[in-house]
Structure formats: C-alpha cells, structure tokens
Amino acid sequence: MSHSPTNAMRKKLNGIVLAVLLAFTAWIIINLFRTSVTDSAKYQTMANDNQFGSTIVSANRGSIYDANGKILAQSATVYSIIINPYALSKLDNETVKADTGKTEYARQLDMVITILTEELDNVTADDIKKKFENVNSQWACVAKSIEKPVADKILSRADEEELVGNLIYTEVDTKRYYPQGELAAAVIGFTNYEGDGIYGVESYYNDYLKGVDGKIISATDANGNEMPYKNDKIYDAQDGNSIYLTLDMTLQYYVEKYLEQAVEENDVQNRACAIMMNVNTGAVLAMASTPGFDLNDRNSIYSQKDINTLAQITDEDEYKDEYATLREQQWKNKAITELYYPGSVFKVITGSAALEEGAITLDSTFTCNRAITVADTTMHCWSSYSHGTQDFTTAMTNSCNPAFIQIGQLLGGTKFYDYFEAYGFTEPTGIDLPGESGSLYVSKGAMGPVELASCSFGQSNKITPIQMVTAYAAVVNGGYLVTPYVVSKIVDTNGNVIKTTETSIKRQVISEETSAQMREVLESVVNNKGGSNAYIKGYAIGGKSGTSQKIDKSNETGNDNLYVSSYCGFAPADDPEIIMLVMVDEPNARDQNGSLMYYGSVVACPVVSNTFKEALPYLGYYPEYTDEELVELGITVPSVEGQTVESAGATIEALGLQYSTIGSGDTVVAQIPARGSTLQRNGKVILYTDDDYETEYTTVPNIIGYSLSDVNTILTNANLNFKAGDGASSHSGSVAYSQNYGEDCIVPVGTIIEVVFIIKDEG
C-alpha cells in the first residue's frame with residue numbers, strides 16, 4: 001500500500017505554503033514601509049540622539065523691583081559641587097606608597113572627603129563614600145547652590161593636593177536671592193528648586209520671569225564623547241524679563257512695623273494683614289501678612305505661637321503634619337486668601353447705597369434703644385447704652401447697629417444685593433496674585449428680613465480684605481470700582497517696556513455727589529466726639545472701624561471670645577490718595593481690668609494712624625494745623641544753658657512753663673528737657689546749676705487705662721512731664737493706651753512721657 005501524497009494533496013499543501021510565504025512577505029513589506037516612511041521621524045530622532053549630544057544653557061530669571069527700583073528678588077550665579085566616581089575607580093588600589101602609607105586610590109578618596117566635609121555644611125564622609133559606589137558614572141552631585149568663594153576654595157585645595165583631573169569639579173547654577181528678607185514676602189513669593197515660581201508674584205508672572213533655556217547640540221561618537229564638529233548648533237538662552245511692582249518698600253516697612261506691633265501687643269491668635277492702596281488707581285502700595293517669613297529661609301517657622309505649638313508635639317508623624325500645616329499657613333497672603341466678617345466697616349457700603357438710591361439723606365434720623373426686633377429676631381447694638389435719635393453722620397460715628405438695620409430696611413433686600421454685587425463682593429477682584437478667594441454671601445433669593453438686617457451692619461457675608469478695601473475705595477474716590485494690581489510694568493533685558501498695567505475701572509457704583517457726601521461723613525467720624533483714635537493733628541483723615549464676632553468658629557469651638565478687629569482709613573479726606581485697611585484676626589489681650597480688647601477702634605485703628613503719621617509726610621503731605629491744634633502741640637522749650645537762673649526762669653515762665661533748680665549755683669549748666677522739646681502748658685523744665693552736677697532720676701509709673709487729667713497728675717507727682725499724642729486725647733471718655741517709656745523705667749527727672757489716648761467703647 002502506497003503512502004505517497006496524491007496530486008490533490010500536493011496541490012493543497014503547496015497552496016498552504018504559498019499562502020504562508022505570501023503573508024510573511026506582506027508582513028516584511030508592511031514593516032519596511034512603516035520603518036522607512038511611517039516611523040521615519042521617530043527613528044531619525046533616535047539616530048540623531050545617538051549621533052548628537054545636547055547641553056542645556058540655563059536662562060537667567062528676571063529680577064523683581066519695587067516702585068522705586070529697589071531690588072526685591074534676583075538670581076545670582078552659584079555652583080554645584082560634582083565628584084567623578086569613574087575617575088576614582090581607575091586609580092591604583094593595589095600599590096601602597098611609602099610616602100603616604102596608602103594606595104593612591106585611598107589617598108585621593110580620603111582627601112576628597114577631607115576637603116568636602118571641611119568646606120561644606122551638612123556633608124558627611126558616608127554621603128561621599130556612597131556617591132563613589134557607582135563607578136560607571138562620571139557625575140555625582142555632592143552639594144548645590146554653593147557660593148563662588150567656597151567653590152573656588154574647594155577647587156584650589158583639589159589642585160594643591162594633586163587630585164586626579166575632574167575628580168572634583170563644579171557646574172554653574174543659579175540661586176534666587178531676596179535682599180529684603182521678610183519684607184513683602186507674601187506678595188513677592190518664591191521659586192521651587194527647579195527655579196519655577198510657586199507663590200506670589202514669582203508664580204503669577206512666572207512665564208515672564210523664567211526666560212527660555214538655550215541649547216548647544218554637538219556631534220558625539222558611539223561612546224557619547226564629544227567630537228569636533230564645525231556645524232554645532234547653538235541656541236542662545238533668552239533671559240527672563242524683569243518686573244517692577246507698585247509696592248513702595250518704605251511704605252511697606254511702615255505698614256509691617258506697626259502691624260507686627262499690633263500682633264504682639266494684642267496677643268493675636270490667627271495672624272493679621274494690611275493693605276495700602278492708591279484709592280484712585282488700584283495700585284497696591286503695601287501689603288502685609290503678619291507673622292510672616294523670610295524668603296531666604298522660608299521653611300523655618302517664625303510665629304512664636306506656632307513654635308510653641310510644635311514644641312508640645314512628641315509624635316513624629318503628628319509633628320510633621322502640623323509643621324507642614326503651619327508652614328503653609330505662614331506662606332499664605334492673608335489679605336487675598338482668607339475670608340472674614342467685615343463688621344462695621346461694611347456700614348460705609350450700606351450707607352452709600354442708601355444715599356445713592358435716595359432711601360435716606362444726611363438729615364434722616366434713626367432711633368436706637370439698644371436693640372431692634374426683626375421678624376421675631378432681636379438684634380442688639382454693640383453699645384451698653386442707647387444712642388437715642390441720631391442723624392446719618394451721628395449714626396455712622398456711633399457705629400450704631402439698629403440705625404443701620406433701619407437703613408438696610410429702607411434700601412430693601414433687592415437693592416442691597418444689587419449694590420453688594422456692584423461693589424464687587426460677589427466675585428474676586430482680579431488682583432494679579434495667585435490664590436485669591438471668592439466670597440461667601442447671602443444670595444438675592446435668600447435675602448429675607450433677618451438676613452438683610454444682619455448683612456446691613458456687616459455680619460452675615462464673608463469677604464476678603466482686598467474686596468473690602470477695593471469697595472471702600474470706590475465709596476470715596478468718586479464711586480469708581482477699580483481692579484487692584486501689584487505689578488506696574490515688565491521690561492526686557494534691554495530695558496524696553498513690554499507690558500504696563502493701566503488703571504482698570506470696572507464700573508461707577510455711586511455718583512460723584514454721593515461719594516463726596518460719604519467723604520465728609522467719614523471725616524466727621526474721625527473728628528467727632530473730640531477726636532477718634534484715628535485722629536492725627538494737622539491732617540484730614542477719614543475712616544471707619546469694624547468689629548465682628550466669628551460666629552461660625554465660635555459655634556464650632558464653643559469659644560464666644562473670637563473676634564475680628566478692622567479699620568479702614570483714607571487721606572487726605574477731601575481729595576484722597578491713599579486708603580489703608582487693617583484686619584486683626586482673634587486679638588486675645590486684656591486690659592488692666594481683665595476685659596478682652598477686641599474693638600477695631602482699639603486694636604486695628606492705631607496701625608492705620610501710626611502708619612499715616614509716617615507715610616503722609618513721605619508722600620509729600622505735610623501737616624496744616626488749626627489754631628486749636630497749634631495750642632495742643634505744646635510749647636517749644638528754649639535753650640537757657642549759660643544764663644543766670646533768674647534770667648532763665650523769667651524766659652521759661654514767660655512761655656507759660658514752670659521750672660525748678662537742682663544745685664546751688666547761679667548759672668544754668670544743663671537742662672531737661674533739652675531745647676526744641678515740646679511741653680504741655682505748665683510743663684516743667686529742670687535746671688542744673690552745679691558744674692559737677694549728677695543727674696537725678698525717677699521711676700516711670702504705669703498710667704495705662706487712666707484719664708487724661710489723672711495721667712497729668714500721676715506724672716507730675718513723679719517729677720515727669722506729660723505730652724498727649726494724637727488720637728482721642730481730647731475726648732472726655734478717652735484713656736491712656738500706650739506710653740513711650742514703660743512702667744518702672746528709670747529716667748531723668750523732667751523727661752517727657754508721651755501718651756496715646758484711645759476711646760475704648762467705640763464700635
């Protein structure tokens with residue numbers, strides 16, 4: 001029986017073989033086509049990568065300047081310290097040399113360790129030894145951002161010790177420096193280790209600042225070594241543009257100085273912030289969050305309260321979590337990222353809207369009986385006594401809650417919401433900084449009678465400080481809502497201006513006439529009642545304080561003593577240029593009677609007043625005193641040294657001052673206070689008459705909390721002079737708030753003790 005295949009079987013087998021061959025041929029053709037045509041670009045790139053090597057040329061990041069050209073951020077050349085494990089591995093590790101007792105490998109390794117551990121901080125021998133383990137590598141970074149003198153010394157020592165070439169070498173890098181340290185840190189922001197901005201202006205304008213890296217493309221051999229190549233491609237780096245801020249570092253310093261003082265004196269638990277802005281343009285002149293941080297050492301915790309909190313944590317993981325939380329918190333720009341209840345500062349919004357709509361006039365009257373009932377809900381005035389019947393200006397001066405509830409009712413819920421929206425409270429301001437928050441507010445549909453009443457005096461809606469100061473600016477600048485900004489211009493490396501920020505007016509909210517009325521009202525708030533805490537002799541200031549309870553957090557924590565204190569002032573009152581808002585979050589200090597000090601007029605107002613006293617002359621506004629103010633300024637002490645006691649006494653008494661002598665001589669050899677000092681009328685000049693006199697001293701008493709007349713008596717009895725500072729010194733209900741020489745200080749008799757007075761019961 002034959003087993004040979006039949007013809008049919010042969011044909012079938014041949015067909016199968018042919019089909020397989022055809023399929024295989026087709027597969028080869030398709031893949032050849034894909035390789036040569038479809039994927040040619042990919043494989044060409046791979047070939048080029050094998051044929052060519054590239055070197056990145058870093059672009060220099062642009063600088064940041066203040067409004068006057070003072071440097072705030074700049075990049076400088078620094079160096080990375082590199083070691084070469086491959087070069088070390090090629091050294092003789094077998095032959096021990098007689099002069100060193102070591103192999104050349106061991107000698108050079110020991111010397112590398114010695115040089116680097118002595119010249120670099122936080123570098124250990126173990127770190128270096130571990131990096132040398134990868135013997136196939138020619139690059140291992142030991143340290144970054146090393147200053148040139150240190151890098152030069154390392155290389156010099158390597159040469160002196162005759163280390164093999166490239167065993168230690170350097171690579172050029174850049175480091176970001178912030179010459180002003182803490183000043184305006186939250187606004188400027190900072191970069192990450194890759195050089196990209198991640199906070200503040202550094203982040204918002206990163207694309208302008210960072211520039212474009214260059215590249216050098218060179219031919220390489222199969223081992224990756226550079227070969228001479230006449231057609232090297234060089235793409236130059238394009239350095240970043242520089243930025244000029246609207247911030248003035250002198251004004252920034254004034255703001256931060258007094259804000260930090262307020263945080264310390266009032267034992268503030270949740271930071272504070274301040275904004276100074278050009279009232280007409282929206283240019284931010286200063287912006288601060290306190291406690292802040294040093295941009296050159298941003299990872300350290302700076303708040304003593306936070307440091308104490310961390311010190312109580314023993315669990316490592318819990319410590320790390322809390323540290324990260326506190327660090328992030330101190331980096332935040334409180335002025336734009338955090339919401340708060342504005343309190344009575346918001347009354348300028350309610351009042352201006354009602355005036356504009358004709359719902360009230362300046363002569364309209366409102367009655368306060370300490371409380372008012374709205375839809376079965378009783379709401380109280382902040383005051384412990386009734387304000388009675390009052391016109392609009394008096395109601396604003398008294399900061400009367402029932403009065404503004406009535407004003408809100410006259411305006412109506414719909415119109416109230418319309419103006420709330422028109423003043424910009426329903427959306428972020430659009431300031432050119434990252435992280436701006438939106439507000440939380442009662443919608444138009446939810447605006448019932450109780451909600452309207454609460455909103456009218458600033459208690460229900462939560463907004464940001466930047467929203468509040470921008471809206472307040474519109475109230476007093478003629479009614480124009482502007483977009484705030486912190487960058488004035490951007491220039492390229494050749495000094496050409498490539499971008500400028502112009503004033504952007506969103507809308508006119510109220511008329512020029514209504515705005516003028518509000519300016520007069522708010523100036524009266526400062527000047528009425530014998531002078532408010534914001535009063536500055538020689539200047540026309542307008543302003544309003546605010547105090548609000550943190551209802552949501554109080555309900556959450558059970559602590560009813562959580563308040564936000566704020567103040568917003570502007571100057572000059574008749575034609576404003578600057579406006580300043582201060583917000584102090586959870587003041588916790590108590591007066592001598594144990595009462596919590598939380599009113600905006602007491603906590604936040606002095607920051608504005610003290611800042612304005614320095615800022616206004618700096619901006620070219622000098623005091624113009626009324627006759628009454630000139631009298632209050634006091635009497636200038638003359639120079640009587642060298643005169644006879646009789647002649648000196650006559651000169652002093654003729655000016656309305658008193659004198660007393662220490663010594664038995666006939667001629668004045670010294671005097672306290674010195675010439676040019678100012679004393680209140682009937683102040684005393686101490687005259688020393690002996691050539692070998694010894695200065696007599698006295699102890700400064702505590703006068704905080706006392707009335708003006710009591711302060712005068714106490715200091716006079718202590719043989720000290722008294723001078724009343726600005727603020728509410730002429731108000732019948734004012735008390736001493738601060739003294740330039742503290743209790744128990746030892747000072748010469750006759751020293752002038754300057755005392756600032758405040759009204760403690762102002763809402």
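The numbers here are math on the coordinates, done by the rules we state, and not lab data. Every value quoted in this text rests on a predicted model; they were computed, and no experiment measured them. A quick note on method: Cβ atoms are made from the backbone with ideal geometry, for glycine too, and the neighbour counts reach across all protein chains shown.
When each of the peptides 676-683, 378-385, 515-522 is scored by how many other beta carbons lie within 10 Å of its residues on average, the order from highest to lowest is 515-522, 676-683, 378-385. Computed from the Cβ-Cβ distance with R0 of 35 Å, the FRET efficiency linking Glu264 to Ala375 stands at 0.20.
Extension gain for Asn93 to Asp297 (0.36 nm times residue separation, less C-alpha to C-alpha distance): 69.1 nm.
What are the equivalent ellipsoid semi-axes of the chain, built from the alpha-carbon gyration tensor (square roots of five times its eigenvalues), in whole angstrom, biggest first? Present the calculation step by step, with values, prior to reporting the outcome.
Numbers: eigenvalues 925, 344, 114 Å².
Each semi-axis is √(5λ); the values are 68, 41, 24 Å.
Backbone geometry of region 301-308 corresponds, through the Karplus equation with coefficients 6.51, -1.76 and 1.60 at θ = phi - 60°, to 3J(HN,Hα) couplings of 8, 10, 6, 4, 4, 5, 4, 5 Hz, x marking Gly and Pro. Charge dipole (Cα centre; +1 on Lys/Arg Cβ, -1 on Asp/Glu Cβ; no other charges) of the chain amounts to roughly 3500 debye.
Percent of Cα pairs in region 508-585 per distance bin of 10 Å, from zero to the largest separation: 17, 39, 25, 16, 3.
Here the sum of -39500 (n - 2.57) over DSSP H runs of 4 or more residues, divided by the residues of the chain, equals -10500 deg cm²/dmol at 222 nm, to the nearest 500. The residue list Asn721, Ile753, Leu708 was ranked by how far each Cα lies along the charge dipole of region 633-758 toward its positive end, using unit charges on Cβ atoms, and Leu708 comes out on top.
Helix 104-119 axis versus longest C-alpha principal axis of the chain: approximately 20°, rounded to the nearest ten. Remark: the Glu118-Thr651 segment gains 184.8 nm on full extension, using 0.36 nm per residue and subtracting the alpha carbon distance. Relative to the longest principal axis of the Cα atoms of the chain, the long axis of helix 316-331 makes an angle of roughly 60 degrees.
Mean projected area of the Cα convex hull of region 633-758, taken over all directions, amounts to 7.2 nm². Placing R0 at 45 angstrom, the Cβ-Cβ distance between Glu556 and Leu410 gives a FRET efficiency of 0.85 after rounding to 0.05. Annotation: peptides 172-183, 686-697, ranked by per-residue average of other Cβ atoms within 10 Å with the highest first, follow the order 172-183, 686-697.
Rounded to the nearest whole Hz, the Karplus-based 3J(HN,Hα) values (6.51 cos²θ - 1.76 cosθ + 1.60, θ = phi - 60°) of region 701-712 follow the sequence x, 7, 10, 5, x, 8, 6, 4, 5, 5, 4, 4, with x at glycine and proline. Maximal additional length on extending the Thr361-Ser707 stretch stands at 120.9 nm, based on 0.36 nm per residue less the C-alpha distance. Seen against the Cα atoms of the chain and their longest principal axis, helix 148-160 is set at about 40 degrees.
Kirkwood analysis of region 56-245, using all unique Cα-Cα pairs, places the hydrodynamic radius at 19.4 Å. Normalising the Debye intensity of region 153-207 to I(0), with uniform scatterers on Cα atoms only, and taking log10 at q = 0.15, 0.17, 0.29 Å⁻¹ returns -0.59, -0.63, -1.14.
Cβ-Cβ distance of Asp159 and Asp492, R₀ of 41 Å, FRET efficiency by 1/(1 + (r/R0)^6): the value works out to about 0.50. The percentage of C-alpha pairs in region 332-483 whose separation is greater than 19 Å is 51%. Sorting the segments 661-667, 165-171, 248-254 by their residues' average number of neighbouring beta-carbon atoms within 10 angstrom, most packed first, yields 248-254, 165-171, 661-667. Within region 723-756, name every residue whose backbone N is under 13 Å away from a label modeled 7 Å from Cα of Tyr693 along the Cβ vector. Correct set: 748-751.
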